[in-house]
Structure formats: structure tokens, C-alpha cells
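Below: the structure, in C-alpha cells.
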Amino acid sequence: MHQLWLIPALPLAGFLLNGIFGRKLSKAAINAVAIGSVLLSFLWVVKTLMGLGSLEEVYVERYFTWIQSGFVNVGFDFAVDRLSAVMLMVVTGIGLLIHIYAAGYMAHEGGYYRFFAYLNLFMFFMLILVLAANYLVLFVGWEGVGLCSYLLIGFYFLKKSAGDAGKKAFVVNRIGDFGFSLAMFLIMVNFGSLDFGTVFAKAVPMANETSAGVLTLICLLLLLGAAGKSAQVPLYVWLPDAMEGPTPVSALIHAATMVTAGVYMVARSAALFNHAPIAMEVVAYVGLITAVMAATIGLTQYDLKKVFAYSTVSQLGYMFLALGTGAYSAGIYHVMTHAFFKALLFLGAGSVIHALSGEQDLRMMGGLRKKIPVTFAVLFCASVAIAGVPPFAGYYSKDAILLAAHAHHPWMYWVGVVTAGMTAFYVFRAFFLCFFGTYRGQAHPHESPLVMTAPLMVLAALSLGGGYFLNVPHYLEPLFGGEHAAHDETLVLISVGAGLLGIALAALFYVVKPGLADGLARAFSWPYKLFYNKYFVDEAYDAVIVHPLRDGSSSVLWKGVDARIIDGAVNGTGSLMRAIGGGLREMQSGYIRRYAAWVVLGSVAIIAVVSFWGGVK
């Protein structure tokens with residue numbers, strides 16, 4: 001055995017050590033435990049994958065029977081195939097870099113040991129999710145990363161907005177998890193198992209559902225779960241608010257762990273989705289709508305981290321577009337390249353915020369390229385990578401998705417191209433507002449320490465060459481088949497051109513003619529306000545769901561049911577008993593003559609009753 005259990009167990013040990021003893025440890029010791037546990041996990045992943053070789057077959061380790069009841073038999077089992085191999089490298093590799101960076105970023109924050117304990121716990125649950133050999137073990141990791149997102153997003157718990165953001169993430173994800181739970185019940189009922197190998201083996205020979213059936217329902221419920229974790233319409237609203245957490249948390253959630261869980265789960269369930277074309281079409285539409293919607297919102301935001309947050313939502317939409325068109329390899333390819341450049345974008349943003357003593361408003365930045373040159377250089381690499389400029393990493397995965405979209409529905413390709421242009425525009429808008437023009441802030445900028453910039457340099461190298469050297473679609477071909485669309489030079493040139501046009505327009509509006517953007521915003525005030533206010537989706541949810549539930553709970557459930565009915569019944573019973581007791585108490589006055597009177601009255605009453613019944617007889 002290759003001891004797969006050690007991969008998640010090492011971060012779990014880090015969580016326990018720092019969580020229990022961290023208050024008494026030095027920061028150096030906390031770093032050694034937190035970073036060392038993830039480093040050892042990464043090294044064990046490398047050793048394991050080298051030992052497993054080409055992974056032509058799924059490698060499974062069975063540990064113990066978890067649930068045995070009737071025909072239900074669920075084992076606590078781990079498995080590794082090529083899909084989980086890619087995810088293991090992304091989660092542990094990018095997670096390690098984020099842990100190292102966090103040691104510098106969080107150096108002056110309170111709750112230092114608690115932060116790294118939570119970060120290690122996050123890694124533990126994500127690795128459980130990736131290694132799971134069945135849906136129920138996957139669900140353990142799934143729920144675990146949801147818990148950790150709540151803990152880390154609300155890390156600054158004395159700040160109300162952070163606490164609210166953590167609760168919002170937790171509640172919205174529970175909606176998706178309800179769908180996932182129902183899907184598991186249906187899988188168990190219809191396949192008699194939750195084990196991936198058993199379920200998929202039974203699904204492969206099944207006929208495609210030309211109309212909605214059980215498989216379609218299962219896949220749509222799985223999609224609901226994935227939409228919650230991976231922030232798709234309509235459950236994306238928690239992700240931008242997650243920026244209330246520390247920046248390393250934003251990078252970990254957005255790049256390497258939680259938000260990719262939904263993409264991974266759908267790709268893992270490809271054998272089911274392939275036989276439910278209606279569900280596949282819904283996945284593609286949800287992804288495309290999410291990509292466009294988030295990109296338009298990103299055009300107008302001024303909070304640096306929120307620009308990148310909406311970028312994450314949009315890029316996740318691209319991944320779902322790939323999954324919905326059957327291009328699973330392209331979707332996972334984008335998971336990997338996105339991990340490189342999105343981790344770099346968030347950690348780079350953290351370096352800017354660190355340099356400006358906590359400032360996140362782009363309107364209070366400008367002219368920073370000479371003051372923080374390393375951060376400037378790495379953020380440039382991340383920006384051109386996400387814009388899809390060759391030969392950076394985003395170019396390879398983005399075009400693989402767009403080509404698959406064109407093969408599925410040509411119009412989807414064109415919508416995707418326009419979205420790619422918007423992506424390049426809003427990312428470089430943030431880049432130019434941050435690093436060009438004159439400095440508009442109050443703080444005194446300074447470059448981040450090496451412990452923060454070193455991981456940035458590694459991520460910049462991965463953003464540059466990761467797409468070319470790590471050919472994920474070719475590696476995953478034995479698992480998903482040769483599903484990638486034929487290369488079309490013209491279509492590729494168009495999509496690259498859209499990205500370059502977006503960069504050029506951003507340079508025109510924010511470097512060459514800075515006032516032009518404000519003029520356009522005034523000229524197109526209605527769409528600008530719509531995008532700036534995020535389509536008023538949060539306000540709509542508050543009006544339709546939150547306020548009615550809160551007001552109904554207050555006026556109906558609390559004041560009506562609880563106070564009047566339940567409390568009224570309890571208090572009324574108490575008052576009645578008190579009144580009866582008060583009357584009976586008069587009989588126990590302590591006066592002999594009163595007792596004699598009661599005896600006489602009782603005797604008379606008894607004689608009257610006996611006489612009455614005797615007369616009746």
C-alpha cells in the first residue's frame with residue numbers, strides 16, 4: 001500500500017498541534033508546524049504519484065466499512081486516478097505556496113496560531129474530498145471545506161461585515177449541499193452503491209436519456225451542489241463577500257481548494273452526465289451565464305480584491321461551460337492554470353494591500369510600479385495569463401474551452417470571446433489603476449518581504465510556462481477520451497485578438513486618456529449603475545427571501561406561535577394551577593373551627609350524593 005491516508009493526515013496533525021498548543025508556541029514554531037505539514041503532504045503526493053506510475057487503472061485503498069445497513073455498504077476508501085492526481089498536485093502545491101506567503105502577510109495579526117490551524121484544517125478536508133473513492137467520503141470533505149470557509153472568511157470576527165460574510169457563505173452553500181444530498185440518495189436507490197467504480201460501471205452501458213429521467217434529475221441535483229461550492233448562478237453571491245477574510249484565505253479558496261470542488265465533482269461524475277444530455281446543456285448554459293454576468297460586474301468595481309473575486313466567478317463559469325460541452329479535460333486544464341494565475345493575482349493584490357497598509361480601493365492607488373517593482377512584475381504576469389495572451393498559461397486552457405464551445409454551439413464561442421475581451425479589460429483596468437498614473441493614496445508604499453515575494457515568483461513562473469509544459473488534456477485523455485475539439489487557427493486568433501483588444505482599451509481609458517472612462521460611465525449611466533450595483537441580486541434576495549423569512553420568523557413564529565400559542569398555553573396552565581392551588585390553600589388555614597366546618601360540609605355533601613344515588617335506584 002502507498003498509505004494514501006498520510007496525505008490528508010499530515011495537515012490534520014498540523015491543525016491539531018497548532019489548535020491545541022499554538023497559544024503557547026512562538027510564531028516560528030507555528031510556521032514550522034503549519035508549513036511543514038503541508039510540505040510533507042506535498043512530498044508524499046509526489047512520492048505516491050511516482051510510485052503509482054502511469055495510473056492506467058484506478059488505485060484504491062480500502063480502510064474500513066463505514067456504514068453497513070441492509071443493502072447499504074459504504075467504505076471509508078481512498079482512490080487515485082489521473083483526475084485526482086492533477087487535483088492533488090494543485091491543492092498541495094499551490095496550498096504550500098499560500099501557507100508560506102501567509103507567514104509574512106499575517107505576521108502582525110492577532111490569532112496567528114488559530115489562522116494557521118484553520119488553514120491546515122482546510123487542506124485536510126480538501127484532500128479528503130479529492131481522494132474520496134465514493135460520494136459519501138467526498139461529501140465529508142465537501143462539508144468540511146464549507147465549515148473551514150466559514151471559519152476563515154469570518155476570521156476577523158470582531159468585524160461585523162466579516163461575520164456576516166462567513167454566515168452568508170455557510171448558508172448559501174447549505175442550499176447547494178441539500179441538492180447534493182438528494183442526489184446521493186437517488187444514486188444509492190438506483191445504483192445500489194455510492195462507490196465511484198460501481199456506480200460508473202453501471203452507468204456506462206446505460207442509454208442516453210432523450211427526455212428528463214432519473215439520471216437527469218441526479219445530475220441536476222449534483223449541479224445544484226456544484227453551483228453552491230463553485231459559485232455559479234444563482235448561488236454565486238457568497239464568493240465576492242468572502243473577500244472579508246484575510247488575503248491568503250481568498251487565494252486558497254479561489255485558487256486551490258473550495259471553488260474548484262464543484263468543477264471536480266462534476267468532472268468526476270462524467271459517466272453520469274454523459275448519459276443526461278439535458279443536464280449537460282443546463283451545465284453549459286449556467287456556466288456561460290455566470291461567466292458573462294460576473295465579467296460585466298468586474299468592469300465597474302473599485303475594490304481590488306473584489307475585481308479578482310468576480311474574475312474568479314467568471315472563470316469558474318468558463319470551467320462549467322467546458323464541462324457542459326463534454327470537454328472535461330479542458331475544464332480541469334483551466335482549473336490548474338487558473339490556480340496558477342488566480343493565486344498569483346490574489347497574493348499579488350495582498351502584496352499591494354500590505355504595501356499600502358491595508359488600502360484596497362483602486363482610486364487610492366496609482367503610480368506604484370516603481371515603488372513595489374517585484375509586485376508590479378508578478379502581477380503583470382498574472383494579468384497577461386488570465387487575459388489569454390500566448391504563451392502564458394491561460395491561453396492554452398481558455399482556447400481549449402472556446403474551441404469546445406464552438407464545436408457544441410458556435411454562438412457560445414462568440415459569447416465566450418466577448419467575455420474573454422471583458423476579462424482582459426477589467427483585469428488590466430485594475431492593473432493600470434494600481435501601477436500607472438500618479439499615486440493618490442496616503443500611505444507610504446513599501447515592497448513586501450521575501451517570504452511573500454518568493455511564492456509570487458514561483459507562481460509567476462507557473463503562470464508563464466505551466467500551460468505549455470503541463471499538458472493536462474493529453475494526460476487525462478485515457479480517463480475522458482479524446483474529447484478536445486480540433487484546433488482551428490482562425491478561432492484561436494480571434495480569441496487572442498479579443499484579449500489584446502481588451503488590454504488596449506484598458507490602456508486607452510486608464511493610461512492614455514484617463515478621463516474617457518468617466519465620460520463613458522456618465523453616457524451609459526443605466527448599464528453602468530446596473531453593473532456597479534451587481535445587478536441588484538443581493539437586494540433582490542433580501543427583498544424576496546431574507547426579509548420575508550426574518551419578518552415572518554419574528555411576527556408569526558416568534559410573536560404568534562411561540563409567544564402567544566406555546567407560551568400562552570404554558571403560562572395559562574400555570575395560572576390555572578396557581579388559581580386552583582390558591583383556592584385549595586384556603587382549606588389548610590390552621591384554624592380548628594375552619595377544619596370542623598369543612599368536615600361538616602364534606603359530610604353533608606357525601607350524605608347528599610349517597611341519598612341522591614339511592615333515590616335513583
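Of everything in segment 181-211 that's over 16 Å from residue 133 (Cα atoms) and either in contact with a Lys or Arg (Cβ under 8 Å, 6 or more places away or on another chain) or hydroxyl-bearing (Ser, Thr, Tyr) (or both), which residue is least open to solvent (accessible area, probe 1.4 Å)?
Applying the filter and picking the extreme gives 181.
Taking the options 546, 561, 537, name whichever one is open to solvent by less than 70 Å² (accessible area, probe 1.4 Å) and either touching a residue at least 24 places away in the same chain (Cβ under 8 Å) or outside any helix (DSSP H, G or I) (or both).
Numbers: 546 fails: either touching a residue at least 24 places away in the same chain (Cβ under 8 Å) or outside any helix (DSSP H, G or I) (or both); 561 fails: either touching a residue at least 24 places away in the same chain (Cβ under 8 Å) or outside any helix (DSSP H, G or I) (or both).
After applying the criteria, what remains is 537.
Please count how many residues of segment 165-180 are of a type in the set (A, V, I, L, M) and surrounded by fewer than 19 Cβ atoms within 10 Å (Cβ to Cβ). Walk me through it before giving the result.
Looking only at segment 165-180, we keep the residues that are of a type in the set (A, V, I, L, M), and these are 165, 169, 171-172, 175.
Among the residues that remain, those that are also surrounded by fewer than 19 Cβ atoms within 10 Å (Cβ to Cβ) are: 171, 175.
Summing the residues that are of a type in the set (A, V, I, L, M) and surrounded by fewer than 19 Cβ atoms within 10 Å (Cβ to Cβ) in segment 165-180 gives 2.
Which ones in segment 511-531 are assigned to a helix (DSSP H, G or I) and open to solvent by 90 Å² or more (accessible area, probe 1.4 Å)? Break it down stepwise before answering.
First pass over segment 511-531, keeping only residues assigned to a helix (DSSP H, G or I): 511-512, 515-523, 525-531.
Of everything in segment 511-531, those that are assigned to a helix (DSSP H, G or I) and open to solvent by 90 Å² or more (accessible area, probe 1.4 Å) turn out to be 512, 522, 526, 529.
Of all residues being of a type in the set (D, E, K, R) and farther than 25 Å from residue 268 by Cα in segment 135-164, which is surrounded by the most Cβ atoms within 10 Å (Cβ to Cβ)? Just the residue, please.
Applying the first criterion (of a type in the set (D, E, K, R)) to segment 135-164 yields 143, 159-160, 164.
Next cut, farther than 25 Å from residue 268 by Cα only: 159-160, 164.
Numbers: 159: 12, 160: 10, 164: 14.
By that ranking, first place goes to 164.
Any idea which residue in segment 398-451 is surrounded by the most Cβ atoms within 10 Å (Cβ to Cβ), counting only those that are β-branched (Val, Ile, Thr) and in contact with a Gly (Cβ under 6 Å, 6 or more places away or on another chain)?
Restricting attention to segment 398-451, the residues satisfying the condition of being β-branched (Val, Ile, Thr) are 401, 415, 417-419, 423, 427, 438, 451.
Restricting the remaining residues to those that are in contact with a Gly (Cβ under 6 Å, 6 or more places away or on another chain) gives 438, 451.
Numbers: 438: 7, 451: 15.
Across segment 398-451, the extreme among qualifying residues is 451.
In segment 349-397, how many residues are closer than 12 Å to residue 435 by Cα, assigned to a loop (DSSP other than H, G, I, E, B) and open to solvent by less than 10 Å² (accessible area, probe 1.4 Å)?
The number of residues fulfilling the criteria is 4.
Could you grab me the full set of residues in segment 14-40 that are among the basic types (Lys, Arg) and in contact with a helix residue (DSSP H, G or I) (Cβ under 7 Å, 6 or more places away or on another chain)?
Pass one, segment 14-40, residues among the basic types (Lys, Arg): 23-24, 27.
Listed by number, the residues that qualify are 23, 27.
Taking residue 335 as the residue in question, decide whether it is surrounded by fewer than 24 Cβ atoms within 10 Å (Cβ to Cβ), more than 30 Å from residue 526 (Cα to Cα) and either out of contact with any strand residue (DSSP E or B) (no Cβ under 9 Å at 6 or more places or on another chain) or not aromatic (Phe, Trp, Tyr) (or both). Break it down stepwise before answering.
On the way: surrounded by fewer than 24 Cβ atoms within 10 Å (Cβ to Cβ): no; more than 30 Å from residue 526 (Cα to Cα): yes; either out of contact with any strand residue (DSSP E or B) (no Cβ under 9 Å at 6 or more places or on another chain) or not aromatic (Phe, Trp, Tyr) (or both): yes.
Considered against the rule, which asks whether it is surrounded by fewer than 24 Cβ atoms within 10 Å (Cβ to Cβ), more than 30 Å from residue 526 (Cα to Cα) and either out of contact with any strand residue (DSSP E or B) (no Cβ under 9 Å at 6 or more places or on another chain) or not aromatic (Phe, Trp, Tyr) (or both), residue 335 comes out as no.
As an exercise: evaluate residue 237 against (1) surrounded by fewer than 19 Cβ atoms within 10 Å (Cβ to Cβ); (2) over 15 Å from the mean Cα position of the chain (by Cα); (3) in contact (Cβ under 8 Å) with a residue 40 or more places away in the chain and give the number of the one condition it does not meet.
Exception for residue 237: condition (2).
Looking only at segment 358-372, how many residues end up being more than 23 Å from residue 108 (Cβ to Cβ) and either aromatic (Phe, Trp, Tyr) or in contact (Cβ under 8 Å) with a residue 24 or more places away in the chain (or both)?
Applying the first criterion (more than 23 Å from residue 108 (Cβ to Cβ)) to segment 358-372 yields 362-363, 366-367, 369-370.
With either aromatic (Phe, Trp, Tyr) or in contact (Cβ under 8 Å) with a residue 24 or more places away in the chain (or both) added as a condition, the list becomes 362-363, 366-367, 369.
The total comes to 5.
The values are calculated or read from the model by the stated rules, or taken from the named source; none is laboratory data. Please read these numbers as outputs of a predicted model, since none were measured by experiment. When we count neighbours, we look across all protein chains shown, and the Cβ atoms used for this are built from the backbone with ideal geometry, even at glycine. We work out accessible area using only protein heavy atoms, side chains counted, and drop any ligands, DNA or RNA first. Shrake-Rupley method; radii C 1.70, N 1.55, O 1.52, S 1.80 Å.
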